[in-house]
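Please treat every number below as a calculation from the coordinates, not as lab data. Because the structure is predicted, anything quoted here is derived from the model rather than measured. Here Cβ is always computed from backbone atoms with ideal geometry, including for glycine, and neighbour counts include all displayed protein chains.
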Amino acid sequence: MISFLFGKVRIVSSTTDIADIVKIIGGDHVTVTSIARGNQDPHYVEILPSYMVKVRKADIYFMVGMELDLWAQQIIDGSRNRKVMVVDCSVEINKMEVPTGQIDASMGDIHRFGNPHYWLDPENGKLIARMVAEKLINHDSKNAEQYQSNLTQFENDLNSAISIWTKRFSDLRNKNIIFYHNSWPYFSKRFGLITVGFLEPKPGITPSPSQLNQVINQIKENEIEVIASESYFSDRAPKFIESKINVRTVKLAQSVGAIEGADSYINLFETNLLILAKAYGVSYD
């Protein structure tokens with residue numbers, strides 16, 4: 001039996017990206033809460049009692065999966081809500097960078113099941129939306145027609161946006177770039193960027209002075225114009241490199257709400273592509 005708040009399905013998600021998609025598909029029939037904020041590192045979330053209270057009242061919990069939001073399971077367990085349906089949104093994703101061989105702590109924060117930042121390819125946004133629609137229809141069948149209609153509209157909107165972005169930002173293809181953290185393989189593959197390296201020597205490891213010197217050499221050797229970092233990282237390392245060599249540093253939105261303009265799932269991509277186009281000085285009109 002589903003619990004309702006004024007007839008609405010109560011949903012909690014790990015991130016703002018999933019929450020925004022749930023709002024679009026669920027419309028007026030759902031209430032949605034995201035645990036992680038958009039400007040927060042989704043790998044590390046402090047577990048608060050208030051989060052458990054939110055999940056205690058929830059009908060469905062949507063996880064990112066792939067070990068990005070391991071903290072979510074502690075919140076779910078702590079909520080003692082045995083009726084909540086837990087959904088892993090990564091199930092249908094074509095996963096990138098799945099490691100082979102033995103994994104140990106010396107490799108940094110390596111995810112066993114592949115790179116978990118899959119929502120940064122808008123094509124994967126459609127897969128998330130289909131998963132959301134399926135679960136909502138299963139649990140609230142009387143509103144199935146509306147959920148299906150909202151899904152169709154979202155897919156049409158996203159298909160149109162992807163088509164426009166592919167043409168409008170075509171000059172970004174084959175541009176070399178350095179990222180702070182390895183959040184962007186899905187995004188880079190979709191829009192044709194070439195990742196040369198990272199400020200972090202290993203995932204989750206703060207760059208040392210020697211690592212920054214290596215990055216400076218990479219910039220010289222590969223004629224890199226742009227370093228991009230997630231909103232939650234300090235500017236200290238990128239600005240240090242910028243002071244030593246001619247390179248532009250930018251902040252990108254890794255999630256909905258991370259920076260100004262990225263206030264929806266579709267606007268997340270629009271905002272990031274505009275930032276990159278301006279940083280490279282390429283045409284986007």
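What size of dipole, in debye to the nearest 20, comes out for the chain about its Cα centre when the only charges are +1 on Lys and Arg C-beta atoms and -1 on Asp and Glu C-beta atoms?
Numbers: 30 positive and 33 negative charges, 72 e Å.
The dipole magnitude comes to about 340 debye.
Just check the stretch 166-208 against the gyration tensor rule for me: Cα atoms, a ≥ b ≥ c as the square roots of the eigenvalues, rounded for a/c under 1.5, and otherwise prolate or oblate depending on whether a/b exceeds b/c. Prolate, since a/c reaches 1.5 and a/b exceeds b/c. Measure nothing but the geometry: give the 0 to 90° angle between the long axis through the Cα atoms of 209-222 and the longest principal axis through the Cα atoms of the chain, rounded to 10°. Long axis of 209-222 versus the principal axis of the chain: about 80 degrees.
Its relative contact order, with pairs defined as Cα atoms under 8 Å and 6+ residues apart, puts the chain at 18 percent.
If each DSSP helix of 4+ residues adds -39,500 (n - 2.57) and the sum is divided by the residues in the chain, what number results at 222 nm, nearest 500 deg cm²/dmol? Please list the in-between numbers first.
Numbers: 9 runs with 117 residues, N = 285.
Rounded to the nearest 500, it is -13000 deg cm²/dmol.
Where the alpha-carbon atoms of the stretch 4-164 are placed on the principal axes, they occupy 51, 43, 27 Å, in descending order. Of all lysines in the structure, the ones whose alpha carbon falls short of 30 Å from that of residue 251, not counting any fewer than 8 places away in one chain, are 23, 95, 126, 167, 175, 189, 202, 220, 239, 278. The antiparallel fraction among DSSP beta bridges confined to the chain stands at about 10%. For the stretch 1-100, the relative contact order comes to 27 percent (Cα pairs under 8 Å, sequence separation of at least 6). Would you mind classifying the stretch 203-285 by shape? Square roots of the alpha carbon gyration tensor eigenvalues, ordered a ≥ b ≥ c; an a/c under 1.5 is rounded, otherwise it is prolate if a/b is larger than b/c and oblate if not. Oblate is the answer for the stretch 203-285, as a/c is 1.5 or above yet b/c matches or exceeds a/b. Can you check what the net charge comes to around residue 140, using other residues whose Cβ is under 10 Å from the Cβ of residue 140 (Lys, Arg +1; Asp, Glu -1)? Once all neighbours under 10 Å are counted, the net charge is +2. Helix 122-139 and the long axis of the chain differ in direction by around 10°, with both axes built from C-alpha atoms.
Distance from the alpha carbon centroid of the stretch 49-126 to that of the stretch 4-33 works out to 17 angstrom.
The longest part of the chain holding none of the exposed loop trypsin sites (Lys or Arg not before Pro), meaning those outside H, G, I, E and B in DSSP with at most 12 other Cβ atoms within 10 Å, is 174-285. Projection of the Cα convex hull of the chain, averaged over all directions and equal to a quarter of that hull's surface, yields 15.6 nm².
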